[in-house]
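Visitor: Before anything else, here's the structure in question.
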Amino acid sequence: MRLPELEALLADINRIVLGKQRPIRLSLACLLARGHLLIEDLPGVGKTTLAHVLARVLGLDFQRIQFTSDMLPADVLGVSIFDRDSGTFHFHPGPIFTQVVLADEINRATPKAQSALLEAMEERQVTAEGKTRALPEPFFVIATQNPTHQIGTFPLPESQLDRFLLKIELGYPDPVAERELLAGADRRQMVADLTPRITPQRLIELQDRVRAIHASTALIDYVQALAAHTRTTPRWQAGLSPRACLALLAVARAWALLDGRDHVLPEDVQAVLPGVIAHRLRPTDDTARTDVEAITAALIEAVPLP
Amino acid sequence: MARASRPVSRRQAWWLLATALAASLPLVPQVPPWLSLATATAFIWRAALTWRQWHLPPRWLLVLLVIAGTAGVVLQYRTIFGRTPGIAMLVVFLALKLLELRAARDAVATALLCYFLVLGQFLFTQTIPTAILAGLTVLITTAALLAASDDRPPPQQQLRRAALMLAQALPFMLLLFLLFPRVQGPLWGIPQDRFSAVSGLSDTLSPGSIAQLSQSDAVAFRVRFKGEVPPQSQLYWRGPVMSSFDGRSWRVTQTSGAYAEIPYAGVGASVDYEVTLEPHGKFWLFALELPATLPPNSALTSDYQPIARQAVRNRLRYAQRAWPEAVAGVNETPRMLRDALTLPTDGNPRMRAIGAAWRTQHGDDGAAILAAAEDFFARQLLIYTLNPPLLGPDTVDEFLFDTKRGFCEHFAAAFVFALRAAGVPARVVAGYQGGEVNPVDGYLVVRQYDAHAWAEIWIAGRGWIRIDPTAISAPRRVSSNLAAAIPAGEGLPFLARADLAWLRELRHRLDAVTNGWNQWVLGYNPQRQRDLLATLGMSEPDWRSMTAVLSVLCGGVMLGLTAWILRKRLRIDPALAAWRRFTARLARRGIVWRTWEGPLAFAERAARHIPTHAERIGEIAALYARLRYGPAPQADDLAQLKTRIAAFKP
């Protein structure tokens, strides 16, 4: 009993961002779970397009902030400028005052600028010059970062990474999808031609529905068992935090909604697990860090369903 | 077999060394010092082998060591049989077994040997500390045995598992202890090698022999009265009666005609009580004067002392009744009276003269002579003391007229001598006087320092009368206790001193615990077992009904434990149980459910394998997923799931 409006919406995105059904579905789940999304990948694989399309089909405002190393918090949040006509300071809201923000190459900026964005993400409000301004609703940040081994990056610390509900990778498209992309129409034009599938009001309704998705005691036992396993095996430097467990449950709920169910299954948890643990669990063995899918599979297979 | 021949790991070797150490340390006082040293060397050797991972010693060396150890034990004891040589042999074997830990079966053999040595400790002592120590050793040995099969868990976890196993075994142990048919005799009643250290009354009494006993606070016996404890001054615990005097010592006359039944009639109120007698190596059984019943396997001597048929070498418990006011010996045999008048031909001339004077004055009037003797003793102003001076050949004269200082045996001996000199039959009775009620458990504890001696006088028409000459000079000895009667500053055993109240309180508590242990654990005999079963409603159980009760109870405990362990599994979600049946069926088709696999994912995989059943598999999985993970399932969902699974035949 999948929701037709969401199916249509996903079909629209998949038409433009080709061959990436799973990351797209995950990013929509992240949005429905009221979380923020971190995409780590090389430049040019479609991160911006994805963010743009998402904003477009959901009928949301969209802004893009390109992070650079000389960026200041005011460049994100906004700045007060003296208005000579009225003789007062006037606040010019920064690019963050929008519904979908694409924070591009977030790890290029200094920690100061990063934290301005991350605090806004967490609190869903901006405090500038002693005045607190609420951010619009819904509010969704898609941050992208280059792989950290690239030159000129300020890696986000674990505590900041934890503010992103999910971290996904897009990766290169497969040859078929790539060929279709190369042969097809201009993506920018296709995005411009898109019409919103749902209203922001409907989106908030759906977000509320996600919260009401049932997670049975058996399922919560399972989430706890997973977390307990990450905490007791020496494979990771530290186990999953309670906040991470909440994140896992939230995304699994959104995943269940996308599947048209009113309850979460272990399959949902397993499906979203890579995105939840990828930026939260740091393997003790550095060589294993890259292959998130393999790590996740090992974790899943080590924990029987209660 | 592969398991049994697996080599012993380092961790297992450490475990076995620890358990061997725990099992053999308590035996150090029992085995000869050279064996302790040799064992310690073997243990250190074993530790070095494990630590440096050296090779085990060659077999020929071990064979030599076995021969040497056996030879040492034989040279030490002249035998390898018996309690101590047997234990020594086992210690030799244990030490050498540690040096040939090759395979898992050696580990198991070592652990079993340790269990046996734990048992060996009980052949020497059966006290509470021994039991606690043995329990700890059993715990370590069990953990070592667990480690012998799986050495991966850390020590704490092995110990925890061992403790859990022992805790589970505990109810069975209690049931078997209480209900397994008992054999007569104590649990550890093997013949003991020696009895040198036992203190107590002896069958002779000479000046100073009881005074020496008064320095010991060892327990002589414990008494539980059925009713009120009689007043202190009536607590005369009759022991050996001594009629024959050689001028210095009093001796028990070997009387042949012992009574099988009580030869006198009861008068007045009776006192019922139960005695738990500590082993003293002699035949006599102590009883309150005058005994109205005889303990089993005993007889009454012609001077009214119950004696056992066998020497009391193990703690003995017997019920008793006393008639404090009974009159005995009114028609005493001439031979007994003659014995009670006999004096050595010479010695103690002064007392003899006074006695002869009484005789001329009062003639045959025993009562008058007795009054004169009591009056005489009172006027001599004798002093009751723990440290009487040494006496020369004429003990009675010197005590009465020169030193005037003596302990109870001086008083009793002199008094009996005086009366015999006046022609009144008299004899010395040794025993215990008084005792102390332990406020913790209500038992009256009689210790060695309560040992006492008094006199018994025969008066025509009145029979034997108890006279305590000590009471004439030191009435507080009888009315309260030893400490009250002794002049200040004399060395008393700690427990007899009045000023160490806290120590006495502590000792009372310890004594009550020890007594409980003696009564209920060591002294749990067929009689106690019958009493217990009687309170449970089985009056005269034969072995068949005992076995039946035992089996039923053990089965009950087993079921209870099983239920406790299965508690979690019993609370299993019925939907999950049905799902397991379903997956078991598919497993027979080769589609095995992985424990981490979600129901829908599994259904998809199963459907790919057997597409003909795809639809039904999908339905069942969806139903189960909704039941187990969905909100508020429909009432008939579970029934539907069960019927669908029952009908599902892949």
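The values are calculated or read from the model by the stated rules, or taken from the named source; none is laboratory data. Predicted, not measured: the structure shown is a model, and the values here were computed from it. Cβ sites come from the backbone with ideal geometry, for glycine too, and all protein chains shown count toward neighbours.
Visitor: Could you tell me whether the stretch B:537-546 includes any residue that is in contact (Cβ under 8 Å) with a residue 40 or more places away in the chain and exposed (fewer than 11 other Cβ atoms within 10 Å of the Cβ)? Explain how you work it out, then say what you get.
Guide: Taking the stretch B:537-546 and keeping what is in contact (Cβ under 8 Å) with a residue 40 or more places away in the chain, we get B:543, B:546.
Subsequent filtering for residues that are exposed (fewer than 11 other Cβ atoms within 10 Å of the Cβ) retains B:543.
Yes: the stretch B:537-546 contains one or more residues that are in contact (Cβ under 8 Å) with a residue 40 or more places away in the chain and exposed (fewer than 11 other Cβ atoms within 10 Å of the Cβ).
Visitor: Here's a follow-up. Take the residues in the stretch A:1-37 that are charged (D, E, K, R) and assigned to a loop (DSSP other than H, G, I, E, B); name whichever of them is surrounded by the fewest Cβ atoms within 10 Å (Cβ to Cβ).
Guide: First pass over the stretch A:1-37, keeping only residues charged (D, E, K, R): A:2, A:5, A:7, A:12, A:15, A:20, A:22, A:25, A:34.
Next, from what is left, pick out any that are assigned to a loop (DSSP other than H, G, I, E, B): A:2, A:20, A:34.
On the way: A:Arg2: 12, A:Lys20: 21, A:Arg34: 19.
Looking at the filtered set, the residue picked out is A:Arg2.
Visitor: Being more than 30 Å from B:Ala104 (Cβ to Cβ), modelled with pLDDT of 85 or more and in a helix (DSSP H, G or I) narrows it down to one residue among B:Ala131, B:Ala162, B:Ala167; which is it?
Guide: Details: B:Ala162 fails: more than 30 Å from B:Ala104 (Cβ to Cβ); B:Ala167 fails: more than 30 Å from B:Ala104 (Cβ to Cβ).
It is B:Ala131.
Visitor: Residue check: is B:Ala563 without any contact (Cβ under 8 Å) to a residue 12 or more places away in the chain, touching a helix residue (DSSP H, G or I) at 6+ places or on another chain (Cβ under 9 Å) and more than 14 Å from chain A (Cβ to nearest Cβ)? Reasoning before the result, please.
Guide: Numbers: without any contact (Cβ under 8 Å) to a residue 12 or more places away in the chain: yes; touching a helix residue (DSSP H, G or I) at 6+ places or on another chain (Cβ under 9 Å): yes; more than 14 Å from chain A (Cβ to nearest Cβ): yes.
So B:Ala563 passes the test.
Visitor: Looking at B:Arg102, is it in contact with a Ser or Thr (Cβ under 8 Å, 6 or more places away or on another chain), modelled with pLDDT under 90 and closer than 27 Å to B:Ala143 by Cβ?
Guide: Working: in contact with a Ser or Thr (Cβ under 8 Å, 6 or more places away or on another chain): no; modelled with pLDDT under 90: yes; closer than 27 Å to B:Ala143 by Cβ: yes.
No: the conditions fail for B:Arg102.
Visitor: Let me ask another. Go through the stretch B:388-405 and count every residue that is surrounded by 13 or more Cβ atoms within 10 Å (Cβ to Cβ) and either in contact (Cβ under 8 Å) with a residue 24 or more places away in the chain or under 44 Å from the mean Cα position of the chain (by Cα) (or both).
Guide: 12
Visitor: Specify the residue that is nearest to B:Ser24 (Cα to Cα); the eligible residues are those in the stretch B:104-128 that are assigned to a helix (DSSP H, G or I) and in contact with a Lys or Arg (Cβ under 8 Å, 6 or more places away or on another chain). Quick ask: steps written out before the conclusion?
Guide: Of all residues in the stretch B:104-128, those assigned to a helix (DSSP H, G or I) come to B:104-121, B:128.
From what is left, the residues that are in contact with a Lys or Arg (Cβ under 8 Å, 6 or more places away or on another chain) are B:104, B:106, B:109-110, B:113.
On the way: B:Ala104: 21, B:Asp106: 18, B:Ala109: 15, B:Thr110: 12, B:Leu113: 11 Å.
My answer is B:Leu113.
Visitor: For the stretch A:96-114, give me the residue count where each residue is more than 18 Å from A:Ser27 (Cα to Cα) and in contact with a helix residue (DSSP H, G or I) (Cβ under 7 Å, 6 or more places away or on another chain).
Guide: 4
Visitor: Moving to a separate point now. Mind checking which residues of the stretch A:249-278 are aliphatic (A, V, I, L, M) and within 12 Å of chain B (Cβ to nearest Cβ)?
Guide: Residues of the stretch A:249-278 that are aliphatic (A, V, I, L, M), as a first pass: A:249-252, A:254, A:256-258, A:264-265, A:269, A:271-273, A:276-278.
Selection gives A:Ala252, A:Ala256, A:Val264, A:Leu265, A:Val269, A:Ala271, A:Leu273.
Visitor: Under the condition of being at pLDDT 90 or above and in contact with a helix residue (DSSP H, G or I) (Cβ under 6 Å, 6 or more places away or on another chain), which residue from the stretch B:116-128 is nearest to B:Ile44 (Cα to Cα)? Steps first, answer last, please.
Guide: So in the stretch B:116-128, the residues at pLDDT 90 or above come out as B:116-118.
Then drop every residue that is not in contact with a helix residue (DSSP H, G or I) (Cβ under 6 Å, 6 or more places away or on another chain), which leaves B:117-118.
Values: B:Leu117: 20, B:Val118: 21 Å.
Checking each candidate, the answer is B:Leu117.
Visitor: Among the residues of the stretch B:576-603, count how many are under 23 Å from A:His214 (Cα atoms) and within 11 Å of chain A (Cβ to nearest Cβ).
Guide: First pass over the stretch B:576-603, keeping only residues under 23 Å from A:His214 (Cα atoms): B:576-579, B:595-603.
Filter again for within 11 Å of chain A (Cβ to nearest Cβ), leaving B:576, B:579, B:595-603.
So the answer is 11.
Visitor: Right, something else. If A:Ile151 satisfies every condition in (1) assigned to a helix (DSSP H, G or I); (2) exposed (fewer than 11 other Cβ atoms within 10 Å of the Cβ) but one, which is the exception?
Guide: Going through the list (1) assigned to a helix (DSSP H, G or I); (2) exposed (fewer than 11 other Cβ atoms within 10 Å of the Cβ), A:Ile151 breaks only (1).
Visitor: Might you check whether a residue that is modelled with pLDDT under 85 and among the β-branched types (Val, Ile, Thr) occurs anywhere in the stretch B:352-372?
Guide: no
Visitor: Let me ask something else about it. Among the residues of the stretch A:38-79, write down those that are among the basic types (Lys, Arg) and in a helix (DSSP H, G or I).
Guide: The initial filter retains those residues of the stretch A:38-79 that are among the basic types (Lys, Arg), namely A:47, A:56, A:64.
Passing the criteria: A:Lys47, A:Arg56.
Visitor: Looking at the stretch A:161-247, what helices (runs of 4 or more DSSP H) fall wholly within it and have at least 1 residues that are more than 14 Å from chain B (Cβ to nearest Cβ) and under 26 Å from A:Leu32 (Cα atoms)?
Guide: Values: elements: A:175-183, A:187-193, A:200-211, A:217-232.
Result: A:187-193, A:200-211, A:217-232.
Visitor: Another one. Considering only the stretch B:639-650, state which residues are modelled with pLDDT under 85 and either in contact with a Leu (Cβ under 7 Å, 6 or more places away or on another chain) or facing chain A (nearest Cβ under 10 Å) (or both).
Guide: B:Pro650 - this is the single residue of the stretch B:639-650 that is modelled with pLDDT under 85 and either in contact with a Leu (Cβ under 7 Å, 6 or more places away or on another chain) or facing chain A (nearest Cβ under 10 Å) (or both).
Visitor: I'm trying to understand the selection: among the residues of the stretch B:604-621, which are surrounded by fewer than 17 Cβ atoms within 10 Å (Cβ to Cβ) and either within 13 Å of chain A (Cβ to nearest Cβ) or free of Cβ contacts under 8 Å to residues at least 12 places away in the same chain (or both)? Spell out how you get there, then give the answer.
Guide: So the first thing to find is which residues in the stretch B:604-621 are surrounded by fewer than 17 Cβ atoms within 10 Å (Cβ to Cβ), and the list is B:604-605, B:608-612, B:614-615, B:618-619.
Passing the criteria: B:Glu604, B:Arg605, B:Arg608, B:Pro611, B:Thr612, B:Ala614, B:Glu615.
Visitor: Away from chain B (no Cβ under 12 Å), without any contact (Cβ under 8 Å) to a residue 60 or more places away in the chain and in contact with a strand residue (DSSP E or B) (Cβ under 6 Å, 6 or more places away or on another chain): does that describe A:Leu281?
Guide: Details: away from chain B (no Cβ under 12 Å): yes; without any contact (Cβ under 8 Å) to a residue 60 or more places away in the chain: yes; in contact with a strand residue (DSSP E or B) (Cβ under 6 Å, 6 or more places away or on another chain): yes.
So A:Leu281 passes the test.
Visitor: Could you tell me which of the residues B:Asp346, B:Asp375 is out of contact with any Leu (no Cβ under 9 Å at 6 or more places or on another chain), outside any helix (DSSP H, G or I) and not hydroxyl-bearing (Ser, Thr, Tyr)? Before you say what the answer is, go through the steps one by one.
Guide: Numbers: B:Asp375 fails: outside any helix (DSSP H, G or I).
After applying the criteria, what remains is B:Asp346.
Visitor: Would you be able to say whether some residue in the stretch B:280-302 is at positive phi, at pLDDT below 80 and assigned by TED's automatic domain parsing to the domain that holds B:Thr253? Before you say what the answer is, go through the steps one by one.
Guide: To start, the set of residues in the stretch B:280-302 that are at positive phi comprises B:281, B:297.
Those left that are additionally at pLDDT below 80: B:281.
Checking which are assigned by TED's automatic domain parsing to the domain that holds B:Thr253 leaves us with B:281.
Yes; the residues of the stretch B:280-302 include at least one that is at positive phi, at pLDDT below 80 and assigned by TED's automatic domain parsing to the domain that holds B:Thr253.
Visitor: So which of B:Gly200, B:Gly247 ends up being surrounded by 15 or more Cβ atoms within 10 Å (Cβ to Cβ), at pLDDT below 75 and either under 21 Å from B:Tyr432 (Cα atoms) or not hydrophobic (A, V, I, L, M, F, W, C) (or both)? Even if it seems obvious, please write down each step before you answer.
Guide: Details: B:Gly247 fails: at pLDDT below 75.
Result of the check over B:Gly200, B:Gly247: B:Gly200.
Visitor: Every residue in the stretch A:16-30 that is at pLDDT 90 or above and among the charged types (D, E, K, R), please.
Guide: Within the stretch A:16-30, A:Arg25 is the sole residue that qualifies.
Visitor: Turning to a different aspect of this structure: Out of all the residues in the stretch A:189-207, which are surrounded by fewer than 12 Cβ atoms within 10 Å (Cβ to Cβ) and farther than 27 Å from A:Ala256 by Cβ?
Guide: A:Gln189, A:Ala192, A:Asp193, A:Thr195
Visitor: Here is a further query. Might you check whether a residue that is at pLDDT 90 or above and within 30 Å of B:Leu522 (Cα to Cα) occurs anywhere in the stretch B:48-65?
Guide: Taking every residue of the stretch B:48-65 in turn, none turns out to be at pLDDT 90 or above and within 30 Å of B:Leu522 (Cα to Cα).
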